[in-house]
Structures are given as structure tokens and as C-alpha cells.
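Each reported figure results from applying straightforward, stated rules to the coordinates on display, with no laboratory input. Since this is a predicted model, take the numbers as computed values, not measurements. Positions of Cβ are generated from backbone atoms using ideal geometry, with glycine treated the same way; all protein chains shown enter the neighbour counts.
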Amino acid sequence: MKKSLLYILIALTSINSALAQAHSNNSETQRYHPTTHQPHQEKSFFQAVDKHYRSQTKRINAISASLLGLPYVDNDTGKDKTVKQTGNPLYRFSSFDCMTYVEAVLAGVMSHSKQSFGPKLVDIRYKHGKVSFITRNHFPSADWFPNNKGKLVEATYRVSGKATKIASALINKRAWYHHFTLDNIQDGDLDITQRQHLLAKLRRDSNKMPTKMVHLPYVPLTDLFVKTAPHHIKVNTALLKRIPDGSIISMVRPNWPIKDRIGTNMNVSHMGFAIRKQGQLYFREASEIKGKIVDVNFVQYLYYYYRESKTLKGFNVHVLAPKYHV
């Protein structure tokens, strides 16, 4: 009988590490990786799922808020057919990374009950709802957005109009898989020879994967922060008002040159939700920098990257399809 293995590396592991480096000089940054279960948070989450709301926006706000404060941990879930059943369940409420947080919230919004949550999550996380490592939506632009097209609606153009730009990237999945090492195969029951065999098989399976040029529209940071004088920046408040409450915000880095680190370039580095509270816009995210799920001021968050980042050029906006108003 074939041995199974646990692949713990997914694309966003490397992505989030790059984001953490951008904040590495922040003395207040704290990273922690607790593994204790959070039953009260799970209970609160499903209480929010079961409740009826007047709008989809209120539903997204409430369900996403029920997980505030939970720890950030890279790639802590995923139950593929190639995963050894000694850990990493399909979902748990002890910790999240940025993508698994967004997936859990969207699955909760789309669900009618705790029983329907799991199937909805599978349908978001895997192509055609087929659970395997190969069919998991690892890459936002190449997998996650295209394979969830019927569930999500592109909203970037309604925010930035003619100022909208396109971020392209060449996604080389074969090179990404070939970049894996034995460190990415975590299974205490396998000896070194078995791990080498499984790594070779994974690389062989990836040889059929085509290289793909992907494109994603984005709101340029230069359209949000308008230079009115050499040393004066004005925030485009009209643009901010056009960002839908509860929308999915993805940080865009056109042709992000990280192939030396993970085998391929990308164009998305992080995701979360745009949330309005008392007239202020916040970015609700599972943050590696803060070590937990938090709300951060949307303008302040992006202004940091406007000033300090050479690669983060803007953000993409998607909304959940109107049919998912429960």
C-alpha cells in the first residue's frame, strides 16, 4: 500500500514570509505559534454562521469578526488525499494564515449551518471541490480567483475606473514543485529513501503542468495617494468610498520577482477584507506581522507600502456574488 505524505508548503507560506520581511524593522512585531484549540471561537463562529442578517455585508462583517484575535500560523490546514491523517485537518479554529482565513469566512457566509460549512470550504479551496494537493488553489491569480469565478465578482474597475492597471506574472508551477525539498515532506513514519521517492514522484507529476501568464487588475496606490505637491500627498477619499464594505482585498505586486526563492514569480502577496466601522475603513487580515487576526487602518496600512515598498503597487478588489445572501 502506498505511503501518504504531508506537504506543508503552499504558495502563501513563502508569500507571507516576504511580507514579514517588509516589516522586519518594526520593534513591536511579535510572532507566535500556539497550537491550542479555541473552542469558544469555533462556537462564536458557527453562532455567527447560523444567525440571519439583513445584508451580505453585515454577514461578512460578523463572521469575519468572530475570528479576531486568533493566532496566525503559516499553512496550518489542508486535508488532501496525499496528506497523512496525523494532523492538519480540513479546518480548525486554533490558527489561520491569510488565505485560510479568507476561505473560512467566505465558506461561513455561504453556509446555512455547521454541517454545510465543510463542503463549502472544500469547494472554495480545491478546483471542482476535488480534494488533493495537486487540485488545491495554491496560486491566487492562476487558481484561486479563476476556480472561484462563479462565487466571486471582480470589482476593481468600479473602484478605480480608467486608472485601473493590470498586474501580470508568469506562473511556473512545474518550477514551483521542483523547488520543493525534503524539508517540505513532513512525515515521521517515512525514512529518507521513502521521502526521496515521494519527492521525485511529486516532481514527475508536475511535469505536465503548463507555465501560465496570469493577469489581475488592481487599484494603483498612486491613485489612492495623490501627490499634489513635491512633498504633499492627498488621500483620494472618493476612491475609498467606492471600496465595497466586506470586499476581498488582495495586495498586488506585478511580476513579483521571487522565483529564486520559490521557483516562480507571482503577482499577489496577501489577502483580507475591507471592513467599515464607525465611518472608518479597515483591513481585516490574518497578519504574520501582528501574529494574529486583526483590524488595521486601511489607509495607514497601504501608505506604509506606498512609501517603503518597491514591489507592492496596489490592490485588487473582489466581492462575493449576490446569490450568497443568507
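Data overview
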| read-out | value |
| --- | --- |
| In Hz, Karplus ³J(HN,Hα) per residue of region 47-56 (6.51, -1.76, 1.60; θ = phi - 60°; x = Gly, Pro) | 5, 5, 5, 6, 6, 8, 10, 6, 8, 5 |
| Peptides 241-251, 106-116 ordered by average Cβ neighbours within 10 Å, highest first | 241-251, 106-116 |
| 30 Å Cα-Cα threshold exceeded, pairs from K58/K120; K277/K323; K51/K313; K130/K201; K114/K201 | K51/K313; K114/K201 |
| Summed side-chain charge close to G150 - residues other than G150 whose Cβ falls under 14 Å, Lys, Arg +1, Asp, Glu -1 | +3 |
| Label point distance in nm, R261-E154, each placed 7 Å from Cα along Cα→Cβ | 2.7 |
| Protection proxy ranking, peptides 169-179, 193-203, average beta carbon neighbours within 10 Å, highest first | 169-179, 193-203 |
| Rounded Å value of the spacing that divides the Cα centres of region 145-195 and region 232-289 | 17 |
| Alpha-carbon radius of gyration plus Dmax, which is the widest Cα pair, for region 219-326 in Å | 15.0, 49 |
| For region 11-324, alpha-carbon Rg relative to the globular expectation (2.2 N^0.38 Å, N residues) | 0.99 |
| Simple spin-label estimate for A321 and T181 in nanometres, 7 Å along Cα-Cβ | 4.2 |
